[in-house]
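Q: One structure is given below, represented as structure tokens, and several questions about it will come after.
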Amino acid sequence: MESNTQTALSWGNVGIAALLLGINAGLSIWLKLGLSCNLIVAALRCVAQLTVLGIVLKQIFETQNPVYIFGMALVLGVLAAVEVSYWRAKRRFPGMFMGTLCAIVGSALVVGLFGNAYALNMDPAYTAVKFIPTVGMLFGNCMIGVSIGLGTVMDALDSRRDRIEAMLCFGASRWE
């Protein structure tokens, strides 16, 4: 039996979160950690971003238009690829963004659609209220996996640079 009840957040919930942030900022000032300014800026950014995201998602949830749903998923995927390609990567190479984008978006969308269709029994599988959060979590997991994979490959190429260059000089193809 499935229950469709949702708990709405109240201003009391927001107040509790603000109180906890205030305690952290106060402890930072008291212990002279220098984190209070960063905490306050992060909290204000969080409020602004979540407000804008809430406005956008409310419209998408109400319309249930597949173009908007997949558009939102694509925007989230592009943001994930930008994060991995430009902010997390220590080394970059030409075409890295497109490869990262294809890996992250391709895998997350396929898993999200199959997961919603068969594990969550959603019909259609791209029902916004389940699909967008699922794909968002999958993008987060993909970002970690792609970041670790790219870092490992780039470190291996860097540490074996002399051997790879010697093999290429002797006629090895790029795939050997």
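The values are calculated or read from the model by the stated rules, or taken from the named source; none is laboratory data. Worth saying up front: this structure is predicted, and the values here are computed from it rather than measured. We place every Cβ from the backbone using ideal geometry, glycine too, and count neighbours over all the protein chains shown. In case anyone asks, the SASA skips ligands and DNA or RNA and just uses the protein heavy atoms, side chains included. Shrake-Rupley method; radii C 1.70, N 1.55, O 1.52, S 1.80 Å.
Q: Collect the residues in region 101-119 that are aliphatic (A, V, I, L, M), surrounded by fewer than 13 Cβ atoms within 10 Å (Cβ to Cβ) and farther than 16 Å from residue 72 by Cα, keeping them in residue-number order.
A: 119
Each row is one residue, and each column tells you yes or no for (1) open to solvent by less than 50 Å² (accessible area, probe 1.4 Å); (2) aromatic (Phe, Trp, Tyr); (3) over 27 Å from residue 157 (Cα atoms).
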position	(1), (2), (3)
71	yes, no, yes
74	no, no, yes
81	yes, no, no
89	yes, no, no
95	no, no, no
99	yes, no, no
121	no, no, yes
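Q: Could you check region 148-167 and list, in sequence order, the residues that are farther than 13 Å from residue 93 by Cα and not charged (D, E, K, R)?
A: 148, 149, 152, 156, 159, 164, 166, 167
Q: Taking region 44-61, which residues are within 16 Å of residue 124 (Cβ to Cβ) and open to solvent by 60 Å² or more (accessible area, probe 1.4 Å)?
A: Matches in region 44-61: 61 only.
Q: Give me the residue from region 17-39 that is within 28 Å of residue 76 (Cβ to Cβ) and open to solvent by 90 Å² or more (accessible area, probe 1.4 Å) and, out of that set, modelled with the lowest pLDDT.
A: 38
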